[in-house]
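Note sheet for the following structure.
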Amino acid sequence: MSKILGIDLGTTNSCMAVMDAGQTVVLTNAEGNKTTPSVVALTKDMDRLVGEAAKRQMVTNPKGTVSSIKRKMGTREKTELNGREYLPQEISAMILQKLRMDAEQALGEKITEAVITVPAYFDDAQRQATKDAGKIAGLDVKRIINEPTAAALAYGLENNYGEKVMVFDLGGGTFDVSIIEIGDGVIEVLSTCGDNQLGGDDFNRVIAEEIFSVFKKEERIDLSKDQIAKNRVFEAAEKAKIELSSAERTEINLPFITMHKGEPLHLNQMLTRSRFEQLVNPLIERLAHPVLDALKQAELTASQLNKVILVGGSTRMPCVIRKVKELTRIEPNRSLNPDECVAVGAAIQGAKLTGNQLVLSGFDVLLMDVTPLTLSIETVGGISTPLIERNTTIPCSKTQIFTTAANFQTSVEINVLQGERHFARDNKSLGKFSLKGIKRAMRGVPQIEVTFDIDANGIVNVSAKDLGTGKHQEIVITNSSSLTDDEIQRAMNEAKLFEEQDKKEKEKITFKNECEILVNQIQSRMHEDKNIDKELKKELKNRISDLEKSIRKTKFEKITDQEFEALKLKREELQRCSERL
């Protein structure tokens, strides 16, 4: 049975893991790293780059590069890359496709299934968009699970005693807090809260704005108006933030940042940790509400917590750690690798879905997650009437009887809402549908049964039935931000095309490496063996020279199949000739 890939599709970086022989393994990508930058680029030659290669050229190709696309998931906001427009699902699919291909290379087997994590506070549209991205990337997404829950799953395998744990997850783009109870082989999510617009990117932005401000005061030039200079500053801001997690000060040095009156200007600034913490204090204060709200929803006080687990690279900042201690009066537990634990938890969930018994640390783990937001329908007066309250354990189903608001009404419109506000206008509409054919009667007489089902991925199904006539209508909520079947198919075809291109590119690189190895082996043999026939030696030298010359002359990025076959033939002829040595 093929393995199910666990994927942490992050705002800044992504990570992947599998369960192998009862052990979780964090996989390295093609570049040999355990995390992959969530960056995609399209070059002027329309070559697609994903990960480290895309991040390296971000400064020089700002119009063709996109990062932090996760923040746009669940919308139809398009990103333009060198003249082509892409939806967030399509960009995310490119990242997922690279992860899948790198996993296949690392494991030596085909990967078709995955468990993908999302922020706990992702709504229905964002979860559906993540599933769409997986489908485009050639993955059957078996489950969408919350990131803090995945981290708790990774933690719980080594801690099978009863605990109430807060998972504090501050990543590159999102912030989640979940209260989880671990014990007797069950991991139960008691509550979850968060902020989808708070993460490491915001801390980077604050540093960048400080750099822009200081430079403008010194040089009277606004670097934020120059896209290349702006990208360099944001890249330096991220490095400065990371350095200030372990150092008291950092030097930001960007030579030749811009030109003024024909002369180059250089940027050199010093940023101290105390100044950084002063600048980001408003962001730090925003961490408090989700923490306190999650405790309130779980009906717990901070003193009843056994542990606080830090997840996400941004939790390495000392000011974040101090704020957590201030809010909980607990020294945070940092036993998990904050960059890898979410992918590990996803891999564990994937192993369970294969049907295999997962017996680690002496027990089978049962995962009980919750829905992050209240689900309601709109009733008379624009009121939002809840059916499923936030933090209800999923999967779940709830049915409620409603009636008509006017005499002889023969149809009703069901407006499905998500959010915590009392009025429909203040919540997010997930979708609308009509139930027609209701038996004519005075208002209040018809009985309309509305049922909400939430599956294990947190995706909503809604149905309505007139109990008098038996008329029935149902929909799977597919928010307007979701892709149509045609859009998904088009994106899948494009992804497949690029996958073939990637395979051809890898074949070319492998070919050149193999040629170099073959030539070195032959030259070494000729150097060591002085008794080689002179004619054979001459022929080998000529063939080596011909092959090397042909490779130097060839532009591999534009090579035709016919030209590539000709090069392969020359290598084969050299190989056969070398066998006479």
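The values are calculated or read from the model by the stated rules, or taken from the named source; none is laboratory data. Everything numeric here is computed off the predicted structure, so don't read it as measured data. As a convention, Cβ positions derive from the backbone with ideal geometry for all residues, glycine included, and neighbour counts pool all protein chains shown. Just the protein is used for accessible areas: all its heavy atoms, side chains included, with ligands, DNA and RNA removed. Shrake-Rupley method; radii C 1.70, N 1.55, O 1.52, S 1.80 Å.
A few remarks follow.
- Residues of the stretch 1-45 that turn out to be more than 19 Å from K142 (Cβ to Cβ), under 10 Å from the mean Cα position of the chain (by Cα) and not hydroxyl-bearing (S, T, Y), as a count: 3
- For the stretch 277-316, a tally of residues being modelled with pLDDT under 95, in a loop (DSSP other than H, G, I, E, B) and crowded, with 18+ Cβ neighbours inside 10 Å returns 3.
- Within the stretch 46-64, being without any contact (Cβ under 8 Å) to a residue 40 or more places away in the chain and either farther than 26 Å from V141 by Cα or not hydrophobic (A, V, I, L, M, F, W, C) (or both) holds for M46, E52, A53, K55, R56, Q57, N61, G64.
- Those residues of the stretch 317-341 which are modelled with pLDDT of 90 or more and surrounded by fewer than 15 Cβ atoms within 10 Å (Cβ to Cβ), in sequence order: P318, R322, K325, E326, R329, E331
Quick grid of which residues meet (1) open to solvent by less than 30 Å² (accessible area, probe 1.4 Å); (2) in a loop (DSSP other than H, G, I, E, B); (3) acidic (D, E):
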{"site": "C15", "(1), (2), (3)": "yes, no, no"}
{"site": "V18", "(1), (2), (3)": "yes, no, no"}
{"site": "V25", "(1), (2), (3)": "no, no, no"}
{"site": "T28", "(1), (2), (3)": "no, yes, no"}
{"site": "V40", "(1), (2), (3)": "yes, no, no"}
{"site": "A53", "(1), (2), (3)": "no, no, no"}
{"site": "T60", "(1), (2), (3)": "no, yes, no"}
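- Of the candidates E163, E109, E113, E104, the single residue that is free of Cβ contacts under 8 Å to residues at least 40 places away in the same chain and over 15 Å from the mean Cα position of the chain (by Cα) is E104.
- S245 meets each of the listed conditions (1) of a type in the set (S, T, Y); (2) over 28 Å from V167 (Cβ atoms); (3) not in a helix (DSSP H, G or I) apart from (2).
- Of all residues making up the stretch 192-236, the number that are of a type in the set (S, T, Y), buried (at least 16 other Cβ atoms within 10 Å of the Cβ) and at pLDDT 90 or above: 1
- Any hit, the stretch 81-93, residues being modelled with pLDDT of 95 or more, under 26 Å from Y121 (Cβ atoms), crowded, with 16+ Cβ neighbours inside 10 Å and hydroxyl-bearing (S, T, Y): yes
- Across the stretch 374-401, the qualifying residues are those that are over 29 Å from the mean Cα position of the chain (by Cα) and surrounded by 15 or more Cβ atoms within 10 Å (Cβ to Cβ), and the one among them that is nearest to A456 (Cα to Cα) is K398.
- Every condition in (1) within 27 Å of L310 (Cα to Cα); (2) surrounded by 24 or more Cβ atoms within 10 Å (Cβ to Cβ); (3) touching a residue at least 60 places away in the same chain (Cβ under 8 Å) holds for A137 except the one numbered (1).
- Test for N33: is it within 16 Å of I7 (Cα to Cα), modelled with pLDDT of 90 or more and either open to solvent by 50 Å² or more (accessible area, probe 1.4 Å) or not in a loop (DSSP other than H, G, I, E, B) (or both): yes
- Of all residues in the stretch 368-418, those satisfying the criterion of being in contact with an Asp or Glu (Cβ under 7 Å, 6 or more places away or on another chain) and small (G, A, S) are S384, S397.
- Yes/no for R273 being crowded, with 18+ Cβ neighbours inside 10 Å, under 25 Å from the mean Cα position of the chain (by Cα) and among the basic types (K, R): no
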